[in-house]
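Written below as structure tokens is the structure these notes are about.
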């Protein structure tokens with residue numbers, strides 16, 4: 001192909017991507033609008049209410065940051081597992097398990113100096129969630145048990161375990177309500193921004209992004225993780241112990257979800273209660289995929305989903321729009337992003 005034809009092809013490619021992006025953006029805006037109009041509401045007013053509160057007010061933006069913390073941590077965990085070729089669908093169960101294990105160990109940390117006790121409490125949440133991941137990884141490499149089935153089953157099991165724990169050994173002393181006692185003051189994450197619910201878990205999430213980026217991009221384990229995920233057979237012939245890599249990947253993946261659980265209890269709820277995971281595990285799958293499994297892109301995608309989480313209440317409260325419509329908007333945005341990603345890959349390959 002001569003230079004003129006190559007230049008023509010190169011100019012057509014960005015133009016085609018621009019038209020594809022425009023069409024996908026239009027469809028992404030129109031589909032939720034149809035459902036909003038079916039509910040008898042004005043789509044423009046709904047979008048304005050959603051964005052003006054979440055991004056246009058300090059209270060709304062602080063709530064978005066607060067929701068970003070667990071979404072980022074669980075999203076990072078899902079990205080690690082997916083990089084190893086393991087489909088971790090158990091973020092919610094690992095989130096709850098980390099919170100429960102950390103809370104069960106509170107008597108060991110309550111009397112320690114404030115920073116040390118808090119750090120050990122959070123690390124215990126990481127280990128608690130990670131052990132659940134190790135179980136899934138071991139079942140996968142030892143018995144070839146589907147990680148999708150095992151993580152889904154464990155989600156239900158851990159949910160019932162939490163329900164039993166807060167009505168049994170971890171219930172508050174009066175034994176009247178189905179929740180635990182409050183955490184000691186020394187194990188609470190203080191507020192990072194005064195007058196808001198944003199706590200120092202945001203710093204934990206940022207540190208997790210940095211550490212995971214270095215782990216994946218700068219270490220031998222990161223190379224092995226990617227190699228096993230891309231082609232486990234080739235990795236095996238290259239001398240990599242793919243089974244060990246899978247188990248370690250699941251430990252880190254579930255550990256980050258468990259860390260999110262202990263952070264959420266220490267920063268927001270201050271005690272265990274029924275099903276406080278809010279579906280973070282499901283949202284984290286979409287966040288990791290939209291971030292293309294890159295640790296640096298997980299936080300921006302978490303911000304997007306946090307806007308939907310916070311916006312659900314805003315639309316219901318201020319625009320009288322049923323909150324499930326927010327999940328429709330969330331799903332359409334995700335599908336639009338994945339469609340554009342697929343189109344851009346095909347255009348790049350051609």
Put in order of increasing Cβ neighbours within 10 Å, starting from the fewest, 329, 89 give 89, 329
Here D for segment 204-244, in µm²/s, from Stokes-Einstein with a Kirkwood Rh over Cα pairs at 4 °C and 1.567 mPa s, works out to 119
Segment 235-275 scanned against label point 7 Å out from residue 206 along Cα→C-beta; backbone N under 19 Å for 260, 263-264, 267-268
Plugging the Cβ-Cβ distance of residue 55 and residue 108 into 1/(1 + (r/R0)^6) at R0 = 41 Å yields, to the nearest 0.05, a FRET efficiency of 0.45
Label model pair residue 294, residue 327: point-to-point distance (7 angstrom along the Cα→beta-carbon line) in nm is 3.1
Candidates 320, 150, 294; GNM for the chain (alpha-carbon contacts under 10 Å) flags as most fluctuating 320
Looks like the chain, by Cα gyration tensor root eigenvalues a ≥ b ≥ c and the a/c under 1.5 rounded cutoff (else prolate when a/b is bigger than b/c, oblate otherwise), is oblate
GNM on the chain, Cα springs under 10 Å; top mean-square fluctuation among 286, 208, 174 goes to 174
Sorted largest first, the Cα spans of segment 102-174 on the principal axes come out in Å as 44, 30, 13
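No value in this document is a laboratory result; all are computed from the given coordinates. What you are looking at is a predicted structure, and each value in this text was computed from that prediction instead of being measured. Positions of Cβ are generated from backbone atoms using ideal geometry, with glycine treated the same way; all protein chains shown enter the neighbour counts.
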